[in-house]
Amino acid sequence: MDVQAWVKQVIRPNEIDRFLVNGKDFINEEQIVGELTAASVPAPGRVRDILKKSLEIQLLSTEETAVLLNVTDPTLLEEMRETALEVKKRVYDNRIVFFAPIYCSNLCVNSCVYCGFRCENRAEKRHILSAEEIRREAEAVIDEGHKRVIAVYGEHPRSDADYMADSLGHLYAAKRTTPGGNGFNNIRRVNVNAAPMCIADLKKLWRAGIGTYQVFQETYHRETYAKLHPAGTIKGNYRWRLYAMHRAMEAGIDDVAIGALFGLYDWQFEVMGLVSHAHDLERQFGIGPHTISFPRMQPAPGSFISENSPYLVADDAFKRLVTVLRLAVPYTGLIVTARERSGLRREIIGYGCTQTDASTKIGIGAYAGKKKQEENADKVQFMLGDQRSLDEVVRELASDGYITSFCTAGYRCGRTGDKIMSLLEKGVEGKFCKLNAVLTFREYLNDYASPETRLAGERLIEQELQEIEQTPFFTDKKLLPTFMSYYRRIAAGERDLYM
Ligand code: SAM
Ligand code: SF4
């Protein structure tokens with residue numbers, strides 16, 4: 001099938017219409033603007049009542065979210081930040097999960113004006129990784145110590161669902177001996193960031209073992225969406241994208257990840273869009289998003305808007321939006337990426353983020369080629385703010401009291417979707433995650449950490465072990481002996497033991 005014929009058959013209108021209510025989608029712009037305007041002078045008492053609701057790990061309404069979005073008083077903002085961190089501690093404790101993105105292809109039929117991969121960008125050198133190249137990328141990432149990746153694809157018939165399913169197989173198959181020679185390391189969870197698909201294609205990814213499926217709406221504001229995504233392209237269809245996660249749920253993928261590209265339109269509107277999205281997923285499927293991302297637009301090759309948009313989000317507003325998201329959707333993971341500069345990323349993690357990436361390379365084939373982004377500028381989508389190694393970021397976070405987790409057990413034990421959400425809300429999943437974080441951190445410290453990182457990590461792991469030994473949940477449920485035996489076996493060289 002030629003490219004144009006393929007493009008024409010991607011969108012299935014009946015896989016949009018079935019989710020509409022009376023022909024309407026869940027983004028009610030009039031209501032969003034009305035709620036933001038009505039809350040323009042938030043009363044401190046009302047703000048504090050809303051914070052109490054967040055602490056009970058309940059999804060906030062859009063009306064409540066609008067109140068928090070309007071807070072500018074420094075004292076209240078500080079209370080919000082402290083509450084956000086407390087919410088994160090209750091649900092996720094002091095864990096931070098690491099992953100690496102692997103860009104498999106920059107072929108793309110769309111022309112999003114902010115993206116270096118847009119088909120009109122003739123300066124971009126196009127490449128799609130072969131099976132062998134995917135294996136090499138996986139090995140390079142494994143050699144850094146990673147166990148979790150997100151595979152990223154442009155939208156093109158050559159990188160269709162069959163190609164993605166095959167690439168998942170290649171990523172899962174890669175296995176490496178650890179540097180000390182006494183263990184092995186492999187990728188234990190592959191998430192996917194790819195264009196919206198039909199249900200039949202999503203089922204292929206589910207069968208191939210996809211972890212989380214991630215699609216960013218870019219902007220929830222229809223008029224802006226239409227300006228940035230040319231009509232007649234697949235991406236130009238706002239609702240096909242808006243219901244990508246609904247189709248994923250129908251296909252059996254119950255860990256779904258949403259996001260907005262901040263900088264395209266008003267940031268407060270986008271937060272309201274994300275919260276509306278979480279509500280509609282809960283309403284239709286009983287499960288909210290597994291994670292929310294809030295990428296800020298970065299300079300992209302040849303894209304004027306990526307550097308000159310009137311809506312670029314300043315650092316202060318960025319901190320406010322992350323705080324509000326943490327409070328509004330308390331059980332959901334929040335991802336801050338290496339798009340951000342190191343100092344800001346470190347600070348933002350303290351606002352309640354749960355996942356981040358490190359040693360990131362976003363050029364096609366850049367891990368195996370050991371290329372810095374400056375050497376690969378014709379194969380990247382945008383420029384990163386933080387290119388530090390995993391070892392450096394793990395060390396920094398350990399010194400801030402965060403334990404790195406490479407845990408992928410929840411997914412492999414069937415703790416996904418509604419099961420994981422209810423466990424997170426009750427604080428139970430967090431307890432298992434704590435044990436698995438310590439086990440995977442032990443593996444990392446033994447296998448990959450530099451002497452300085454190991455020093456910082458050993459201190460932290462010692463504190464964690466003491467805490468675990470004193471926590472009634474672990475002693476009462478008789479989890480402690482199994483955990484301690486796994487811990488000792490891992491320290492002695494066994495790998496991939498989890499609770
Ligand atoms: N092609 C697929 C799509 O558009 O859904 C998925 C991959 S795309 C490579 C991943 C994400 O990168 C996009 O959803 C967008 O939010 C983000 N992105 C695009 N241009 C960006 C830029 N200039 N700065 C930061 N993020 C950008
Ligand atoms: Fe293609 Fe995605 Fe970039 Fe748009 S954001 S041009 S769809 S790769």
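Ranked by the mean number of other Cβ atoms within 10 Å per residue, highest first, peptides 102-108, 282-288 order as 102-108, 282-288. With R₀ set to 41 Å, the beta-carbon distance separating Glu307 from Lys370 gives a calculated FRET efficiency near 0.90.
In order along region 8-24, the Karplus-derived 3J(HN,Hα) couplings, from 6.51 cos²θ - 1.76 cosθ + 1.60 at θ = phi - 60°, round to 5, 9, 5, 7, 10, x, 5, 8, 10, 4, 5, 9, 6, 10, 6, x, 10 Hz, and Gly and Pro are given as x. Once you reduce region 93-130 and region 231-259 to the center of their Cα atoms, the two points are 18 Å from each other. Between amide H atoms placed 1.01 Å from N, distances below 5 Å from Leu59 occur with no residue 5 or more places distant or on a separate chain.
Positive-end ranking of Asn70, Gln9, Ile27 along the dipole of region 3-110, with charges on Cβ about the Cα centre, is headed by Gln9.
Among 5-15, 436-446, 388-398, 130-140, how do they line up from the highest to the lowest mean number of other beta-carbon atoms within 10 Å?
Per-residue mean Cβ counts within 10 Å order the peptides as 436-446, 388-398, 130-140, 5-15.
Report, in whole Å, the centroid distance computed from the Cα atoms of region 44-75 and region 180-208. Centre-to-centre (Cα) distance: 36 Å. A full extension of the chain between Leu344 and Thr37 corresponds to an added length of 107.6 nm, given 0.36 nm per residue minus the alpha carbon distance. Restricted to Cα atoms, the chain shows a radius of gyration and a Dmax of 21.8, 63 angstrom.
Placing unit charges on the Cβ atoms of the charged side chains and taking the dipole of the chain about its Cα centre, the candidate lying farthest along the positive direction among Tyr367, Ser130, Val190 is Ser130.
Sorted on the mean count of surrounding Cβ atoms within 10 Å across their residues, most packed first, peptides 363-371, 488-496 read 363-371, 488-496.
Fewest neighbouring Cβ atoms within 10 Å first, the residues Phe294, Phe19 line up as Phe19, Phe294. Applying 1/(1 + (r/R0)^6) with R0 = 56 Å to the Cβ-Cβ distance of Asp143 and Lys227, what FRET efficiency is obtained, to the nearest 0.05? FRET efficiency, Asp143 to Lys227: 0.85.
The residue list Tyr114, Gly154, Gly169 was ranked by how far each Cα lies along the charge dipole of region 101-259 toward its positive end, using unit charges on Cβ atoms, and Tyr114 comes out on top. Going from the residue with the fewest nearby Cβ atoms within 10 Å to the one with the most, Thr65, Thr37, Thr408 rank Thr37, Thr408, Thr65. With contacts taken as Cα pairs under 8 Å and at least 6 residues apart, region 166-212 reaches a relative contact order of 39 percent.
Each Lys and Arg adds +1 at its Cβ and each Asp and Glu adds -1 at its Cβ; summed about the Cα centre, the chain shows a dipole of about 1060 debye. Between Asp400 and Met1, the FRET efficiency from the beta-carbon distance, with R0 = 45 Å, is close to 0.30. Annotation: the residues Arg346, Arg341, sorted from fewest to most other C-beta atoms within 10 Å of their own C-beta, follow the order Arg341, Arg346. Remark: the Ser389-Lys89 segment gains 105.4 nm on full extension, using 0.36 nm per residue and subtracting the alpha carbon distance.
None of the figures in this text is laboratory data; all of them are computed from the coordinates on show. Source: prediction; values computed, not measured. Cβ sites come from the backbone with ideal geometry, for glycine too, and all protein chains shown count toward neighbours.
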